[in-house]
Structures are given as structure tokens and as C-alpha cells.
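The structure appears below as C-alpha cells.
No lab work stands behind these numbers, since they all come straight from the coordinates. Values in this document were obtained by computation on a predicted structure and should not be read as measured data. A quick note on method: Cβ atoms are made from the backbone with ideal geometry, for glycine too, and the neighbour counts reach across all protein chains shown.
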Amino acid sequence: MGFILLIFAQITLSKSCFPVIYDNICPHCDIENVKSTEENLKNLNKNEITCFLQGFNDSCKYNIEYSEYSNKVLFEVLQAYPKDFFSILSNNQQINKKYIYSEIANPIIDYDFGKIIDQIIAINLKSKTKNEVIKQLRVALHKYNY
């Protein structure tokens, strides 16, 4: 009975929380991870942001539902946690930076890119990652404001 209860508890917890992480790598293209990130946007920790960012992968571009939803949440995470975003993106080799930069340059929604760029520039942080994100935001700005 105790074994069955343990399995039930594990299944229940894994469905209501962030994904189970194996070897410090979160699953790619996991829509539940995106949903959990969005639902907990005001209370994310670095591990949750890391897991969200690790979810982006080249194979995700064929999953339209994931691509659109994750793109929207990517901008929400960037705006809510810019310093953590840059730190994690800079220091985690499990994150597909090139894919994330492409997502930033090709947003699904028309944001106020000028405002986002100004907010990021105002952050007292010198980082190649920060500069690359600003560069990709300017690409997005150009696409929507040509």
C-alpha cells in the first residue's frame, strides 16, 4: 500500500509542478513547462527559469502550439527577470542560445520593443548576452516598425 501511495504522490506532484529534471536537463518542447512558467511568473526562481530556457530547441519549431506559447512566455520572463535571464543564458551550456536569440528576433506578438530595449539598457550589467538580446530586439523592432 505504501508503494502505491508513493507512486500516486509522485504522479500527482509531477503533474502539478514543474517537469522532472534528469541530469540537470529539462525536456525540450514541453508545453507543461511553459504553462507552469507562465502560471508562476511572479515567483520564479533561477532553477525554474533555467528549466524553461532549456526547453527551447530546434526541434520545437515544428510544434506550432509550443512555439507560439513559449515565444509569448519568453518575452514575459525576459521582462520580469532580465538579470537572471542574462546570467542563466550566459552560463548554462544546456541552453540553445542561438534558438532563443532567433525567438527574440521573431516574436509572435507585437510588443513595445523600444520600451523593452530601454529597460534592458538601463540595467547596470555588462554582458555579451545582454548586448545580443538587445541586438535581436532591434531586429524585431525593425520587423514590426518598418
Under the Karplus curve 6.51 cos²θ - 1.76 cosθ + 1.60, θ = phi - 60°, whole-Hz ³J(HN,Hα) for region 114-129, x wherever Gly or Pro sits: x, 5, 4, 4, 4, 5, 6, 4, 5, 6, 7, 7, 9, 7, 5, 5
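Let me check I've understood the local charge: for Thr37, count other residues with C-beta under 12 angstrom from its C-beta, Lys and Arg +1, Asp and Glu -1. What total comes out? Kindly include the intermediate steps, with their values, before the conclusion.
Working: positive: Lys35, Lys42, Lys72; negative: Asp30, Glu32, Glu38, Glu39, Glu48, Glu76.
That sum, taken over residues with Cβ under 12 Å, equals -3.
Going by how many other beta carbons lie within 10 Å of each one, how would you line up Leu125, Leu137, Leu41, fewest first? Numbers along the way, then the final one.
Details: Leu125 12, Leu137 21, Leu41 15.
Result, fewest neighbours first: Leu125, Leu41, Leu137.
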Distance from region 21-77 to region 82-146 (C-alpha centre basis), Å: 16
Amide hydrogen neighbours beyond the local backbone of Ser127, cut-off 5 Å, H modeled: none
Exposure proxy order (Cβ contacts within 10 Å, fewest to most) of Ile117, Ile123: Ile123, Ile117
Rounded to whole Hz, the Karplus (6.51, -1.76, 1.60) HN-Hα couplings of region 43-49, x for glycine and proline: 9, 6, 9, 4, 5, 5, 5
